[in-house]
Structures are given as C-alpha cells and as structure tokens.
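Here's the structure, in structure tokens; my notes come after.
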Amino acid sequence: MRSVTSVSSCRVALLLAVVALLACVDQVGSSVGANRTSALEEARLQRENLVRKYLKRLKKEDGAIKLVGGRGDFEGNVEIFHSGRWGAICDDEWDQAEAEVVCRQLGFPGHLKPTHTGHFGRAKRKFWMDNLYCGGKERELADCHFDGWGTNDCEASEAAGVICKRPEEDEPATTEKPVPVEFRVPKERLERSKLELRLVGGRVADEGRVEVRLVPADGTGLPGAWGSVCGDGWGLLEGNVVCRQLGLGYANNAVQTDFFSGAEEGMEAGPSLPELLLSGTECYGNETSLADCRHDPIGWRSARCSERRGHVAAVTCVAQMADLVFDHVELEQSLHLEDRLMYLLQCAMEENCVASQAYEIQRENPNWHLETRRLLKFTARVVNTGTADFRPHIPKHLWEWHLCHMHYHSMEVFATFDVIDAGGRRVAEGHKASFCLEDNQCLPGVEPRYACANYGDQGISINCSDIYRHNIDCQWVDISELDFGEYTLKVAINPEFKVPEMRFDNNAATCRLLYTQTYARVFDCKLERP
C-alpha cells in the first residue's frame, strides 16, 4: 500500500509542477506588450496541449492512448486503454487519417507518418482495435469506426504506430505540405562496403533467420563477422529483396520471430545467435541487394532493436509465386457517376462504405434516408499473371460472414480507392472493409477453382481474374462533398503487402480524374506501387 501511495503522490506532484510552471508562463506572458500577441497565443496552445497530454496520462480513463517503443513520446506503436487494460491496435487499414487523430489526441500539431508491421516492435499486449476507419477530424481514436473492442484476427507483428510532428518541427500555416508525407529518418545505404547475407537455422535451405556481414567493396581486407538483423518493421518488401539476392525466388513469409534463433520456449536465445548488426531496414521492394535498402547506421553499437536478443528477421523463400495486376483499361471504360438514396445504402453504411459526412447526416437528420449521396462507381478487375495461385492470408475458420452480401469475406483490406487533389491531399476515399476472392473469368483452357458461394475456397487462380463489378455494394468512392475539378484517382490492390507476390509495382493504377456537374472520366492511367 505504501508503494502505491508513493506512486500516486509522485503523479500528483508532477501534475502540480506542470501547472505551476504554466502559471509562471502566464505571468511572464501578461507583462509583455501587444506586439507579443502571437507569441502568447502560441504559448497558450502549447500549455493546453501539455496539460491535456499529462492529464490523459495520469488519469487512465477509457480511450486514453500512448506511444511505446519509439525514441521519444512523439513516436511508437499505439496502445489504447479500455476496461482497465492497455491494448495494441492492428495495422489493417491504418493510414494518414488514423495517424492524424492519434497525434492530435496526444497534443502534437500533426503527424509525419503512420507505421505498419510492428515498425517499433511486436505488439506486447492484446489487440483492442482492428479495421479502424477515421475521417481524420475525430477528437479521439475511440470515436472512429472499428470492428469492436477485442475483435481482431491480427498477429503480434501487425502493430500500428505513428511518428508525430513535434511542436518545434511545425511549419507556418502558409506552407502547404503534400500528403502522404515521407518521413526522412537519419538512415543510410552502404556505399563503401558490400553486404553478404545467408539464412541460418531453417529446416530447409530456403528458410531461416537472416544474417549479414560486411565485405569491403574493393576486395581488399577480410569480411567482418556475421550478425543478426532486428525484426522491427520486417515485412514482405524486405523479404523479397533477401530471396532475390540469394537466388531463392520470392518471399512467402517474412516474419519477426525467435523460431530460428536457437532459443527454447521461455529461454533467451542460445549462444550460437550472433550479435545484432543491422536494424531499421526499409526496402522499396525492387532492390537487388539488402545493402541498397535504407537502414540505421550499421554496426554492433549502432544497431538498435525494441525486442530481446532472440527477436530477429527471418524469411521463407519459394520458387513459385502469385503476381496480381490491376486492369486500368476496365477502370477507364466502366467509371461513371450515380446518385443514390441513403435508404438504399444502409447495408453499405454498416461496412463504412460512405464518407464520414453521411453518418453525421444520419445522426442529425430524422429524414436522413431521403438524402442522396453521389457515388463514383467503377469495375475493379484483378488478374493473376504469376506462377502460383493467390490465396488469402487469413485462415478459413477466421473468415467473416456478411449477412448483407450473403457470403464469407476472406480479405479485410484487398483494395483501396483514393481521390487526391493537386496538393497531394486525399479528399475522398472508398472504404471497403472486406472482400470475397474468386475466379470470375479465366483464359481459355483454364478451369475456375475458387468460388465464394457455399463456403467455398477463395483465391485467384493462375491466368484468372477476380472482378468486382460497378453494380456491387461498396465498389465506389463517395464524392458527395467533392468540388468539381481535376483530381487523381488511385486504386490499389493488396495495398498493405499482407499477401506475398512476385512484385508490388504493378498493384496500383493512378489516373487523372475529371469531375464535372454532369459526368466524370479517368484517363492517362499508369501502373505503380501502392
């Protein structure tokens, strides 16, 4: 009891100290003339942010959030407080809007980057939230739509995080910053050395933990000792580079694990595991060598990892792999506008398939069902041109039954639809929570194998297409609040790189979008990475 009282006293003392400090700021500010009005206003805003942040931390109320695993309180994996316990958040559908809400709730002026795949380490707690959908203007993360407290199908490596903008990094209001913003961390690529790698500890030659060592590029001198790679943020983009460099094909799994580290359950890694040499690896996915990727300064003392010593990067390589390509010609030919009564959108609204303003209308207008929404509709055709079938990563027993559509959905985030303005800001999005994959159309001589009906197996066979036609629920972008003009439409499949593919630079179509009072059309489409 004494220790609990001591902790409480410390917290109260800390809060009193903060309040006293802010009182001094007020006294100093009050003695300054009218020419310091802007400075006083900035000090007042910083004071409000500071008080709100510390009050939220000291009083663990439902919906409080914190960042863990980062270099400071401005970055880390997001955890939220609910029912007396802290819990993690899954990175499914985690993007700029959710990151903005988190950073604003914590008192920061904005966000720099949302992070995925356990960028700051694996989730150490139960997942409280999955499939978050925020409009970006919510006061707190708990105000956003999600599947329900504790409802998830996520692994520990799918922790969502953010990097927030600190007050001193804020820019003047007159400076427009394009979104998404690439956060330039102090990372580097190797220039004077080569990076050799190998797989160790696997059951076969095509799998294992990744080990690296430095080799002088000019061929003089001896190679360095082998070292481990930190698992933080390790994913399929990095795994594909490793398998390509080793000549082993493609990454079927890229995991953050201690399975290959020589550790027994409940014990630290065995003595055969080398020290950490490489951390913070970030690959675009098309590099020929891991040395071409960005990473923390390499070295025994420079590498850092959020987990214990046995938590390392590992891959499983395979020779055959699926490769999905989005059909932008079908997109151009099928895109059109439709105005639809909200009464006919009730099923779609249950899946968050309309803009956030529609839900405000539903709450405030008793005749909301008579209002209309303007939908930008199109057909999404996805072709598997690879050498293996494309299968969902969620096990069949975890597929979700959707009563509105009368079939099971096997993919939570298979495609995203975004409308982007000239400044790079996303001004409208299509939110489609779940997908059913099947062979709708195949080349002559190819027999369809996958179907959604009757709890059938789902996937996309080689040389077959999965087609979501424009007349299917949620196959649209709600642009009811969008001004007329020219925009960019970006449609991306497998956008979070959750399912392995040969490559990802043909998974998105970016097109110019012309929106007028009477029609909409897209043109000049090109394929690129999500």
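Structure notes:
- Ranked packing of 125-134, 326-335, most packed first, by mean Cβ within 10 Å: 125-134, 326-335
- Report note on the peptides 276-284, 139-147: ranked by the mean count of other C-beta atoms within 10 Å, highest first, their order is 276-284, 139-147.
- Percent accessible area from carbon and sulfur atoms, the range 68-163, protein chains only, probe 1.4 Å: 45 percent
- For the range 407-490: accessible area per residue (Å², 1.4 Å): 41 Å²
- Judged by the gyration tensor of its Cα atoms, with axes a ≥ b ≥ c, the range 304-350 is oblate; a/c meets the 1.5 cut and b/c is at least as large as a/b.
- Put a dot 7 Å past the Cα of Q333, heading toward its Cβ, do the same for R521, and the two dots end up 1.6 nm apart.
- Inter-label distance, nm, simple model (7 Å from Cα along the C-beta direction), K124/E528: 3.9 nm
- Per-residue packing, averaged as other Cβ atoms within 10 Å, sorts the ranges 291-299, 220-228 into the order 291-299, 220-228, beginning with the highest.
- Relative contact order [Cα under 8 Å, 6+ residues apart], the range 104-171, whole percent: 51 percent
- When only the Cβ of Lys, Arg, Asp and Glu is charged (+1, +1, -1, -1), the dipole of the range 424-530 relative to its Cα centre reaches about 260 debye.
- Taking every protein chain into account, the accessible area of the range 335-388 amounts to 47 square angstrom per residue (probe 1.4 Å).
- Calculated FRET value between K396 and T151, using beta carbons and R₀ = 25 Å, to 0.05: 0.90
- Within the accessible area of the range 325-366 (1.4 Å probe), percent carbon and sulfur: 45 percent
- Using a cutoff of 8 angstrom between alpha carbon atoms and counting only pairs six or more residues apart, the relative contact order for the range 376-530 works out to 26 percent.
- Evaluated with a Cβ-only charge set (Lys, Arg +1; Asp, Glu -1), the range 469-519 carries a dipole of roughly 240 debye about its Cα centre, given to the nearest 20.
- Of the solvent-accessible surface of the range 396-495, computed with a 1.4 Å probe and all protein chains present, 51% belongs to carbon and sulfur.
- Dipole of the range 303-353, positive end: most advanced residue of H311, Q346, Q333 [Cβ charges, Cα centre]: H311
The values are calculated or read from the model by the stated rules, or taken from the named source; none is laboratory data. The model shown is predicted, which means the values in this text are computed figures rather than measured ones. Counting neighbours? That spans all protein chains shown, and the Cβs are built from the backbone with ideal geometry, glycine included. Heads up: the accessible areas ignore ligands, DNA and RNA and are worked out on the full protein's heavy atoms, side chains in. Shrake-Rupley method; radii C 1.70, N 1.55, O 1.52, S 1.80 Å.
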